[in-house]
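Just so it is clear, none of the values below were taken in a lab; they were calculated from the coordinates. Since we're looking at a predicted model, the values are computed, not measured. Positions of Cβ are generated from backbone atoms using ideal geometry, with glycine treated the same way; all protein chains shown enter the neighbour counts.
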Amino acid sequence: MNTKVSDSDIALRDILTQYFQEYKVQKITNRIHPSFENTINKFAIERPYNKLRPRSSIISQLDKENAELFFFDALGVEYLSFIKAKCEEYGLIVEISIGHCELPSITEKNKEFIQYFGGKYRKIDELDELKHHSQIYDYEKIKEPIHIFRELEIIDEELRRIQSLLVQETITKAIIVSDHGASRLAVIYGHENSSPLVLDEKAQHSGRCCPAEDNPNIPYAAYEDGFAILANYERFRGGRKANVEVHGGATLEEVVVPVITLSRKPENIEYCFTDPIIILKQKDVATLTLYCNVPMNKPRILVGQTFYDGEFVADQKHAKFIMPELKRSREYIAEIYDGDTSLSVSLKFKIQKSMGQEVDLFA
């Protein structure tokens, strides 16, 4: 997964992973852990999603040649493990980037990506309709999260439809883009915000955002584009309660969105080092870049008895390995792994010491 952040914010990747693991458990078990509520209130002030790239920045840099846009309304990042597993089952290559949507996290404020595809797209509304207008699932009537089964069915149906289009060569590449995510836990929480802002009786978005002419300076709320936007699990007074899941606010599950590229796997998967000869100067650290003709998942290499984890460079087809222990001039063999799984691929590389002398121009 390609989650680009600055070097100073590298810890955000682990923070997001931990957050969404905990979020999924609570969504399934239908409860909010006190420690997670503390995290929500902390993030409502810090708003770590701002450290991610805007969705438009990701899409503007995508290879969109021969690609078709699938606008998947309300697809959050908590479904990504399921999507990756299904793509593996259906023989699809999946490339995933993570960014943030615009605030408030509502569809009308998050359609800017359509312009990058000439305004042409296929819209998938079923997931969003389930969250807002279901006649079957209603938290006020049935507390159990039985709607999750239908959520996964909707996603799986669309993945199988895309697989069929790719197999028939009706399309050569599918790009799935979400406008925003949604929160189940904000529905479970159910408490109103104590601010003087009150929505009218026809208000939408279940009280997660409220029009405001000026910044009302509410704790745990952002102010963007003429809206006060709650970043914790409260809702503004006057907003109707959500019946399944809700968005419009600024929690991570509402704001963090995936951009997913799907294509068919080639018959042959190949690996190579972009430059198998490492020239080491004084104080240099040995570095290799592995290339694969399909996106990699968790690239690792084993050199001798030491594993090195790869870091994606530019895309998921290139992974950089930093190997400070390797300093001797000699030939090495790297065994290629995907996580803990050996891919039975061995590649040679060589380290050479630089023979040149560095010249101090100011000596």
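Structure notes:
- Across the chain, the longest run free of exposed loop sites, meaning GluC sites (Glu not before Pro) lying outside DSSP classes H, G, I, E and B with no more than 16 other Cβ atoms within 10 Å, spans 66-139.
- For the stretch 126-214, the extents of the C-alpha atoms along the principal axes are 57, 36, 20 Å, listed from largest to smallest.
- Straight Cα distances below 23 angstrom link K141 to the lysines K24, K27, K131, K202, K241, with same-chain residues fewer than 8 positions distant left out.
- Proportion of all alpha-carbon pairs of the stretch 198-334 beyond 25 Å (%): 55 percent
- Table column - 3J(HN,Hα) (Hz), the stretch 296-304, Karplus curve with 6.51, -1.76, 1.60, x for Gly and Pro: 8, 9, 10, x, 9, 10, 10, 10, x
- Remark: the stretch 97-107, residue by residue, has Karplus-estimated 3J(HN,Hα) of 10, 10, x, 10, 8, 8, 9, x, 7, 10, 4 Hz, where x stands for each Gly or Pro and the curve is 6.51 cos²θ - 1.76 cosθ + 1.60 at θ = phi - 60°.
- Listed by chain and number, the lysines whose C-alpha is less than 16 Å from the C-alpha of K265, apart from same-chain residues fewer than 8 away, are K84, K86, K173, K317.
- Taking amide H positions as modeled 1.01 Å from N, with prolines and chain starts lacking one, the residues under 5 Å from I278 and 5 or more places away or on another chain are K350, I351, Q352.
- Taking a straight line from the alpha carbon of K350, these aspartates and glutamates sit under 12 Å away, with near neighbours fewer than eight places off in the same chain left out: D275, E331.
- Unit Cα scatterers, Debye sum, the chain: log10 I(q)/I(0) for q = 0.08, 0.14 Å⁻¹: -0.48, -1.17
- Rounded if a/c under 1.5, otherwise prolate or oblate - the stretch 53-187, Cα gyration tensor axes: oblate
- Taken about its Cα centre, the chain carries a charge dipole of about 700 debye when Lys and Arg each add +1 at the Cβ and Asp and Glu each add -1 at the Cβ.
- For V345, residues with placed amide H under 5 Å, excluding near neighbours: I336
- Counting 0.36 nm for each residue step from K42 to Q135 and taking away their Cα separation leaves a gain of 30.0 nm.
- Point-charge dipole on Cβ atoms (K/R +1, D/E -1) for the stretch 91-131, about Cα centre, debye to 20: 140 debye
- Amide H contacts under 5 Å for V294, placed H, 5+ residues apart: E270
- Derived scalar couplings between HN and Hα for the stretch 321-338 equal 10, 9, 10, x, 6, 8, 10, 6, 6, 5, 8, 10, 10, 10, 8, 8, 10, 10 Hz in order, rounded to whole Hz, by the Karplus curve 6.51 cos²θ - 1.76 cosθ + 1.60 (θ = phi - 60°), x for Gly and Pro.
- Per-selection Kirkwood Rh - the stretch 93-156 (Cα, Å, 1 d.p.): 14.6 Å
- Here the simple spin-label model places points 7 Å from the Cα toward Cβ, and for E108 and E267 these points are separated by 5.3 nm.
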